[in-house]
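What follows is a set of notes on a single structure, which appears directly below.
The values are calculated or read from the model by the stated rules, or taken from the named source; none is laboratory data. Here the structure is a predicted model, which means the values were calculated and not measured. Reconstructed Cβ throughout: ideal geometry from the backbone, glycine too, with neighbour counts over all protein chains shown. Please note that ligands, DNA and RNA were not included when accessible areas were found on the heavy atoms of the full protein model with its side chains. Shrake-Rupley method; radii C 1.70, N 1.55, O 1.52, S 1.80 Å.
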Amino acid sequence: MTIDDWLRAALADAERRGLPELKPILETLARATRALRAADFNADASDGHRMQP
Amino acid sequence: MMAAPTITIEEFGRRLRARDITAEQMTEECLRRIELGNPALNAFILVMADQARRQAREADRELSAGRDRGPLHGVPISIKDLLDISGTPTTAGSRVREGHVAERDATAVAHLRQAGAVFIGKTNLHEFAFGTTNEDSAFGPSRNPHDPTRSPGGSSGGSAASLVAGMALATIGTDTGGSIRIPAAACGAVGFKPTYDDVSTAGVVPLSRGLDHVGPLARSVTDAWIVYRALLGDAALRPLAALPARGLRVGVPRAYFCDVLDDEVRARFEEALDALRAAGMTVGDTSIPHAKDIAAIYLHIVLGDAAAYHATTLESMPERYTAPVRLRLEMGRYVLAEDYVRAQHGREPLRREVDAALAGHDVLVLPTLPIPAPPLGVDSVKVGATEEPVRNMMLRLTQLFNLTGHPAIAIPCGRTSTGLPCSLQIVGAHRQTEPLLRAALACEAQIG
């Protein structure tokens, strides 16, 4: 799931649950998740294993 | 003559065995300070006055009969209200746990009891240890003894406040992202996070089981060593000597860890390094290449773990949480499994990098907190020209060593111009607690 799709779904869910105050917090989490996914230690099935042995 | 509020366990022990003071007298002094100071500081959730007096009298009787349990015999200690003490509630600073009474001591607490410690009370904390300022507690915020308009740090804020205000001679906290070291730094105490899994967490309410640590806050490195040994179940006296300062190799990871610092915190840190150099220590730069990934890795792990633990009560009794903690727990429920796994995998390169940094040095040294204790009720603070979120600042320099499990101790290193404590964090190799604390003794002698 892309982060954009995740964020859309999460915001909609927070709204549905009556927790609109979650919105800025979820946006903060989205930024952190983007950073996490961009890290160079993440595995990549397409070119073998980018993680250190 | 009654003991000053800065008496160490070491000094109390000497006076106790010289019959200059009794455990009962020391306990009464702590209780008196609690009665006078706790309304302002709100350090305690539960004051165990009757039990403490009984334990203190028993400690005095045992000593008179020739039974000496060791350096913690008769020492009044406060316990963060996240650890079980048999027969008392463990509130975790939350209404969620209303009605709870512990059936048995946490393992670490049982060890302290066996060592003869006197339990003076259960201290206030950030609810469920899920915060760094001690502001969000069902029992109201704790306050910093140096400036009651400021946070004592968290989540073990009540513990730190109780120690620094003379209400206990040592205190036990927990540390998942910095919650022993942060309040130690904010309040001007020593705070020690051992190697991961060194001290048992059985009987401790969890936040993130892979990151949780139990450890002491104390008035000196020697006191922290004494309490740490007792937490392991070794109550015997094992004197600790400082490593020779000359030739001690100190590594400073400047990139990231020294990038965002309050001007006065930076000044005290550099002055501390100058003092270490003057004593003959070698101070060199080192680096943690993946440091910029620390915050994102930590966030996904702690959120995922906390959300899992609180899933049932978030559904059944959400209104019992403080609003800010509830929201952050709810945030955790949106962490995807794939991102939680990514974060767990991210710990290994960090662990290797801290090991590599330590390979060329005896210890690493960095500030504990990049800012002085923040005012209560603020979400951001100005650092230089930039407004920074308080939570990010409080965790910035400590959370790495929860991810990697390396032992880390915070010691005081001067004050700001307004009297707020600054702190130096010293980090050692895995399971090398004694060398780390011997190095910390050497540092403390130069900057304490």
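Suppose we filter B:Ala236, B:Ala189 for residues that are touching a Gly at 6+ places or on another chain (Cβ under 9 Å), in contact (Cβ under 8 Å) with a residue 40 or more places away in the chain and not polar (S, T, N, Q); which single one remains? Among B:Ala236, B:Ala189, only B:Ala236 is touching a Gly at 6+ places or on another chain (Cβ under 9 Å), in contact (Cβ under 8 Å) with a residue 40 or more places away in the chain and not polar (S, T, N, Q).
Within region B:144-158, residues that are crowded, with 24+ Cβ neighbours inside 10 Å reach partners that are of a type in the set (Lys, Arg) with beta carbons closer than 6 Å, at six or more positions or on different chains, in the pairs B:Asn144/B:Arg150; B:Ser156/B:Lys80. Residues that are out of contact with any helix residue (DSSP H, G or I) (no Cβ under 9 Å at 6 or more places or on another chain), hydrophobic (A, V, I, L, M, F, W, C), open to solvent by 30 Å² or more (accessible area, probe 1.4 Å) and within 15 Å of B:Ser423 (Cα to Cα) are absent from region B:269-277 altogether. Please specify each residue of region B:240-268 satisfying the condition of being open to solvent by less than 10 Å² (accessible area, probe 1.4 Å) and among the basic types (Lys, Arg). Listed by number, the list is empty, since nothing qualifies. Tallying residues that are within 14 Å of chain A (Cβ to nearest Cβ), within 28 Å of A:Pro20 (Cα to Cα) and of a type in the set (Gly, Ala, Ser) within region B:341-386 yields 2.
Please verify whether region B:383-396 includes one or more residues that are in contact with a strand residue (DSSP E or B) (Cβ under 7 Å, 6 or more places away or on another chain) and open to solvent by less than 20 Å² (accessible area, probe 1.4 Å). Yes; the residues of region B:383-396 include at least one that is in contact with a strand residue (DSSP E or B) (Cβ under 7 Å, 6 or more places away or on another chain) and open to solvent by less than 20 Å² (accessible area, probe 1.4 Å).
Candidates in region B:2-18 are the residues that are modelled with pLDDT under 95 and loosely packed, with under 13 Cβ neighbours inside 10 Å; of these, the one that is farthest from B:Val221 (Cα to Cα) is B:Met2. Checked against (1) open to solvent by 40 Å² or more (accessible area, probe 1.4 Å); (2) small (Gly, Ala, Ser); (3) not in a helix (DSSP H, G or I), B:Ala373 passes all but condition (1). The residues of region B:311-321 that are touching a helix residue (DSSP H, G or I) at 6+ places or on another chain (Cβ under 7 Å), open to solvent by less than 50 Å² (accessible area, probe 1.4 Å), assigned to a helix (DSSP H, G or I) and farther than 15 Å from A:Leu19 by Cβ amount to a single one, B:Thr313. Determine whether region B:420-428 contains at least one residue that is open to solvent by 10 Å² or more (accessible area, probe 1.4 Å), within 13 Å of B:Leu364 (Cβ to Cβ) and among the aliphatic types (A, V, I, L, M). Within region B:420-428, not a single residue is open to solvent by 10 Å² or more (accessible area, probe 1.4 Å), within 13 Å of B:Leu364 (Cβ to Cβ) and among the aliphatic types (A, V, I, L, M). Residues in region B:92-130 that are open to solvent by less than 10 Å² (accessible area, probe 1.4 Å), among the small types (Gly, Ala, Ser) and at negative phi: B:Ser94, B:Ala102, B:Ala106, B:Ala108, B:Ala115, B:Ala117.
Residues that are open to solvent by less than 20 Å² (accessible area, probe 1.4 Å), under 15 Å from the mean Cα position of the chain (by Cα) and among the polar types (S, T, N, Q) within region B:178-236 comprise B:Ser179, B:Thr195, B:Ser220, listed in sequence order. All conditions in (1) open to solvent by 40 Å² or more (accessible area, probe 1.4 Å); (2) more than 21 Å from B:Thr8 (Cα to Cα) hold for B:Met48, with the sole exception of (1). Within region B:4-33, which residues are more than 21 Å from B:Ala236 (Cα to Cα), within 24 Å of the chain's Cα centre (by Cα) and of a type in the set (Asp, Glu)? Within region B:4-33, just B:Glu29 meets the criteria. Among the residues of region B:308-334, the one identified as touching a Leu at 6+ places or on another chain (Cβ under 6 Å) and either among the small types (Gly, Ala, Ser) or closer than 18 Å to B:Leu400 by Cα (or both) is B:Gly332. Just need a number here: residues in region B:322-340 that are more than 7 Å from every other protein chain (Cβ to nearest Cβ), more than 27 Å from the chain's Cα centre (by Cα) and assigned to a helix (DSSP H, G or I). Here the count works out to 2. Taking region A:15-36 as the range and being modelled with pLDDT of 95 or more, open to solvent by less than 60 Å² (accessible area, probe 1.4 Å) and either more than 7 Å from every other protein chain (Cβ to nearest Cβ) or not in a helix (DSSP H, G or I) (or both) as the test, only A:Ala30 passes.
Mind checking whether some residue in region B:290-307 is more than 14 Å from chain A (Cβ to nearest Cβ) and open to solvent by 60 Å² or more (accessible area, probe 1.4 Å)? Looking for residues that are more than 14 Å from chain A (Cβ to nearest Cβ) and open to solvent by 60 Å² or more (accessible area, probe 1.4 Å), one finds none in region B:290-307, hence no.
Does any residue in region B:260-276 that is part of a helix (DSSP H, G or I) come within less than 7 Å, Cβ to Cβ, of a residue that is surrounded by fewer than 17 Cβ atoms within 10 Å (Cβ to Cβ) six or more places away or on a different chain, and which pairs are these? From residues that are part of a helix (DSSP H, G or I), the pairs are B:Glu264/B:Ser417; B:Leu273/B:Val283; B:Leu276/B:Val283.
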